[in-house]
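Worksheet: one structure, shown below.
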Amino acid sequence: MFTLIKNGEIYAPNYMGKQSILMIDEKIVKIGTINEEKLRALFDVNVIDASGLIATPGMIDPHVHLIGGGGEGGFATRTPEIQLSTIIASGVTTVVGCLGTDGTTRHMTSLLAKARGLEEEGITAYIYSGNYHIPTPTITSSVKDDIMLIDKVIGAGEIAISDSRSAQASLHEVAKLVAEARIGGLLSKKAGVTHFHVGIGKDRLAFLHALLEDYEIPPANIYATHITRSKELVDDAIQLAKKGAFVDITADEDTGKWIQYYKQSQGDMHQLSISSDGNGSLPKFNTRGELIGFGVATQQTLFEQVISTVKDYGLPLTEVLPLVTSNPARALRLDEKGALKEGFDADILMLDQNSLEIKHVFAKGQHMLRDREILVKGTFE
């Protein structure tokens with residue numbers, strides 16, 4: 001299947017000007033000047049005129065509760081599975097699934113099955129092995145073996161720190177888990193990262209700084225999320241990122257403000273990403289640890305906040321796009337994701353040049369959304 005996108009402004013995520021993109025099946029094979037007439041004479045080509053549109057890489061969401069999460073308010077508060085159409089409508093073409101607080105009624109095998117199902121439906125999906133607690137649930141009984149033997153497992157997580165819901169594990173126990181994930185990654189040519197849920201606790205990221213100072217843990221194997229719970233936590237995350245760890249903002253109504261603050265505080269923008277926490281629970285606790293409110297995260301917030309950061313906070317698109325494309329691809333070693341580049345997967349968003357609304361979505365070369373209409377839905381949608 002040949003698809004030619006012509007006359008679009010290319011943000012790869014760096015700005016490349018007006019060029020054409022040629023896709024064959026799942027891959028981008030050429031970006032630049034393409035002779036449409038000659039191509040049509042030789043092949044059956046689907047041509048899309050992208051005049052007035054911007055072409056960007058599909059977004060990578062490194063933190064999604066694919067099979068739901070929650071339960072902090074009782075069994076009735078367990079959140080639902082995410083649907084393919086929700087993912088596509090949000091401009092996301094690659095997801096990384098995780099468990100949260102509940103590793104008892106939410107199972108790693110179910111998470112793996114959901115990731116495989118989403119792959120069959122047309123997008124790219126990976127998962128982390130584990131949940132908040134240490135020892136953490138796995139599929140093979142070992143984080144290292146999960147990463148080595150199961151194609152979809154690329155790291156460990158989300159492991160909770162600075163949170164009353166964590167297992168209150170010792171530093172040594174956490175270090176052993178991170179080391180196990182790293183070894184699994186080395187032996188299978190995967191990221192082997194450990195993805196950390198950071199709560200509101202007073203220690204903030206002290207555990208992660210100690211891991212880097214007291215153990216032989218490379219900083220790139222640390223990936224901390226939920227870093228915008230307070231200014232002090234963001235400041236701590238800036239210092240962690242300067243050491244080479246990756247840090248992640250959970251999208252909400254203040255995302256643009258925090259990105260702006262992170263940048264102005266000399267935070268390393270190459271070590272920062274944004275995720276949705278999609279279909280995860282949003283419990284609210286008071287200072288005594290009592291549950292006082294409850295909500296559900298939506299993946300659409302991720303795209304909305306990317307656009308808001310550009311429109312409302314004045315950050316250039318070339319600085320914001322990497323936070324949901326090339327940066328998470330590098331953190332997770334997704335070597336053919338996160339950029340519009342020859343040989344990379346044909347994951348492409350096309351946005352209206354003025355409004356920045358999503359007009360088209362391609363995932364691995366398949367047209368998933370056209371003119372804001374979902375073309376491919378989940379099996380049971």
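The values are calculated or read from the model by the stated rules, or taken from the named source; none is laboratory data. It should be emphasised that the depicted structure is a prediction, and the values quoted were computed from it without experimental measurement. Here the Cβ positions follow ideal geometry from the backbone for every residue, glycine too, while neighbour counts run over all protein chains shown. What goes into the accessible areas is simple: the full protein's heavy atoms, side chains included, and nothing from ligands, DNA or RNA. Shrake-Rupley method; radii C 1.70, N 1.55, O 1.52, S 1.80 Å.
So which residues in region 92-114 are within 23 Å of residue 163 (Cα to Cα) and touching a residue at least 24 places away in the same chain (Cβ under 8 Å)?
Across region 92-114, the qualifying residues are 96, 97, 98, 99, 100, 101, 102, 103, 105, 106, 107, 108.
If the Cβ limit is 7 Å and pairs must be 6+ apart or interchain, which residue in region 233-259 that is in a helix (DSSP H, G or I) pairs with which residue that is surrounded by fewer than 19 Cβ atoms within 10 Å (Cβ to Cβ) and of a type in the set (Asp, Glu)?
What qualifies is 241/268; 242/268; 256/312.
May I ask you to list the residues in region 1-19 that are more than 27 Å from residue 270 (Cα to Cα) and surrounded by 20 or more Cβ atoms within 10 Å (Cβ to Cβ)?
First pass over region 1-19, keeping only residues more than 27 Å from residue 270 (Cα to Cα): 1-7.
Answer for region 1-19, where residues must be more than 27 Å from residue 270 (Cα to Cα) and surrounded by 20 or more Cβ atoms within 10 Å (Cβ to Cβ): 3, 4, 5.
Among the listed residues 166, 110, identify the single one that is of a type in the set (Gly, Ala, Ser) and either within 24 Å of residue 224 (Cβ to Cβ) or at pLDDT below 95 (or both). Give the steps one after another, and end with the answer.
On the way: 110 fails: either within 24 Å of residue 224 (Cβ to Cβ) or at pLDDT below 95 (or both).
Selected residue: 166, the only one of 166, 110 that is of a type in the set (Gly, Ala, Ser) and either within 24 Å of residue 224 (Cβ to Cβ) or at pLDDT below 95 (or both).
Determine, yes or no, whether residue 379 is farther than 30 Å from residue 164 by Cα, modelled with pLDDT under 95 and assigned to a loop (DSSP other than H, G, I, E, B).
yes
Table: residues versus (1) within 24 Å of residue 151 (Cα to Cα); (2) surrounded by fewer than 15 Cβ atoms within 10 Å (Cβ to Cβ).
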{"residue": "298", "(1), (2)": "no, no"}
{"residue": "301", "(1), (2)": "no, no"}
{"residue": "306", "(1), (2)": "no, no"}
{"residue": "313", "(1), (2)": "no, no"}
{"residue": "329", "(1), (2)": "yes, no"}
{"residue": "336", "(1), (2)": "yes, no"}
{"residue": "354", "(1), (2)": "no, yes"}
{"residue": "376", "(1), (2)": "no, no"}
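Return yes when residue 109 is closer than 25 Å to residue 251 by Cα and open to solvent by 10 Å² or more (accessible area, probe 1.4 Å) and no when it is not.
no
Can you tell me which residue is farthest from residue 157 (Cα to Cα) among those in region 82-106 that are in contact with a helix residue (DSSP H, G or I) (Cβ under 9 Å, 6 or more places away or on another chain) and open to solvent by 10 Å² or more (accessible area, probe 1.4 Å)?
My answer is 89.
Considering only strands (runs of 3 or more DSSP E) fully contained in region 112-207, which possess at least 1 residues that are of a type in the set (D, E, K, R) and crowded, with 21+ Cβ neighbours inside 10 Å?
Result: 153-161.
Where in region 6-110 are there strands (runs of 3 or more DSSP E), lying wholly inside it, with at least 3 residues that are within 21 Å of residue 195 (Cβ to Cβ) and not charged (D, E, K, R)?
Here the list reads 59-64, 92-97.
Could you check region 32-81 and list, in sequence order, the residues that are open to solvent by less than 60 Å² (accessible area, probe 1.4 Å), among the polar types (S, T, N, Q) and farther than 22 Å from residue 381 by Cβ?
First pass over region 32-81, keeping only residues open to solvent by less than 60 Å² (accessible area, probe 1.4 Å): 32, 34, 36, 39, 45-48, 50, 52-74, 77, 79.
Checking which are among the polar types (S, T, N, Q) leaves us with 46, 56, 77, 79.
Listed by number, the residues that qualify are 46, 56, 77.
Pairs only if they're at least six apart or on different chains, beta carbon under 8 angstrom, first in region 168-179 and under 14 Å from residue 130 (Cα atoms) and touching a residue at least 24 places away in the same chain (Cβ under 8 Å), second open to solvent by less than 20 Å² (accessible area, probe 1.4 Å) and assigned to a loop (DSSP other than H, G, I, E, B); list them, first residue then second.
Partner pairs satisfying both residue conditions: 177/130; 178/217.
Residues in region 303-316: is at least one within 17 Å of residue 161 (Cα to Cα), in a loop (DSSP other than H, G, I, E, B) and either out of contact with any Lys or Arg (no Cβ under 8 Å at 6 or more places or on another chain) or not small (Gly, Ala, Ser) (or both)? Before the answer, list the steps.
Kept after step one, since they are within 17 Å of residue 161 (Cα to Cα), are these residues of region 303-316: none.
Scanning region 303-316 turns up no residue that is within 17 Å of residue 161 (Cα to Cα), in a loop (DSSP other than H, G, I, E, B) and either out of contact with any Lys or Arg (no Cβ under 8 Å at 6 or more places or on another chain) or not small (Gly, Ala, Ser) (or both).
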